[in-house]
Amino acid sequence: MPELPEVETIRRQLAPHLEGRELSEVEIRDYRWTLPAPPELIAAELTGATVRRLGRLGKYLIWELDRDRHLLVHLRMTGSLLLDPVEESAHTRARFALSDGHLLTYVDPRRFGTAHLMLSTAARDRYLQARLGAEPFTTEFTPQYLREQSRGRTAPVKSFLLDQRRIAGVGNIYADEALHRAGVHPLRQAGSLTLAQWSALKEAIEAALAAGIDAKGASIDDFRHVDGARGTFQDSFLVHTRAGDPCPTCGNVIRKLVVGGRGTYVCERCQPRPRARRPR
Ligand SMILES: [Zn+2]
């Protein structure tokens, strides 16, 4: 699933092609993409709209349109945005003809992706604020914020990192990578981390995300660039998907666990397992 670095990669690649362009023709082929709004209504509203700016918050790609309208696109599991695809995919869910002659298609085999049109900045901000916690790389994203949010929480820290209402944009890949960099075991109770550990984890989250952005995202699933190319961050994973390999930090064997239903990769020498509670 695309996470912050993958969506940011798409944003950077697409912005020069979309900003300042008009959506001259819009066709939405899958009613599920725009639910609960009917696709005809959204297509009519988008046709003739000019894209002012392409933004991002968490895993949302934000198309800022004229007349204070905002299209919030979430790729979920398998969504991708392809510019001038060589051949049309059977999984094309929407097509946008741009005023300069280019074609943008939204392709999504599993159809979990969504597009929501917000009719004012206030509506957009309300929608996003209800769903997203602090965004990494902003002044809001501090060790103190993380400690406050996790206070009293007994859920594993890995699950805490994946909760978009706490931290915007981190998913399964970057959570594993960040926990390894910070030397924190994914099964530690979120509320048990010290401020120093949150400080290390904050730095580690931003370092992992920055490395992902530099590598133009990770393609271990359907993630593709707007020209169909793959990201390269999967070649630089420290622990994620590396079960059985030696830890790049200490040489110990990397293990796979399941935490909160998600495949989780850990070096239990660098990331000591929390001690079991003493029997009463
Ligand atoms: Zn290690």
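No lab work stands behind these numbers, since they all come straight from the coordinates. In this text the structure is predicted, and so the values were computed from the model without any measurement. So basically every Cβ, Gly included, is an ideal-geometry build from the backbone, and we count neighbours across all protein chains shown.
A cut-off of 5 Å between modelled amide H atoms, ignoring neighbours fewer than 5 places along the same chain, links R93 with Y106, V107, D108.
For segment 91-128, chymotrypsin sites (Phe, Trp or Tyr not before Pro) meeting the loop criterion (DSSP other than H, G, I, E, B) and having at most 15 other Cβ atoms within 10 Å: F112. Between the amide H of V259 and those of T264, distances stay under 5 Å, these residues lying 5 or more places away or on another chain, with hydrogens modeled in the peptide plane. 3J(HN,Hα) along segment 58-69: x, 9, 8, 8, 10, 8, 7, 9, 5, 6, 6, 10 Hz, from the Karplus curve 6.51 cos²θ - 1.76 cosθ + 1.60 with θ = phi - 60°, whole Hz, x for Gly and Pro. Pull up all non-local amide H partners of K59: gap of 5 or more, or a different chain, and H-to-H distance under 5 Å with H placed in the peptide plane. Amide H neighbours of K59, under 5 Å, 5+ apart: G169.
Given the -39500 (n - 2.57) contribution per DSSP H run of 4+ residues, what per-residue ellipticity at 222 nm results for the chain, rounded to the nearest 500 deg cm²/dmol?
Result for the chain: -8500 deg cm²/dmol, rounded to the nearest 500.
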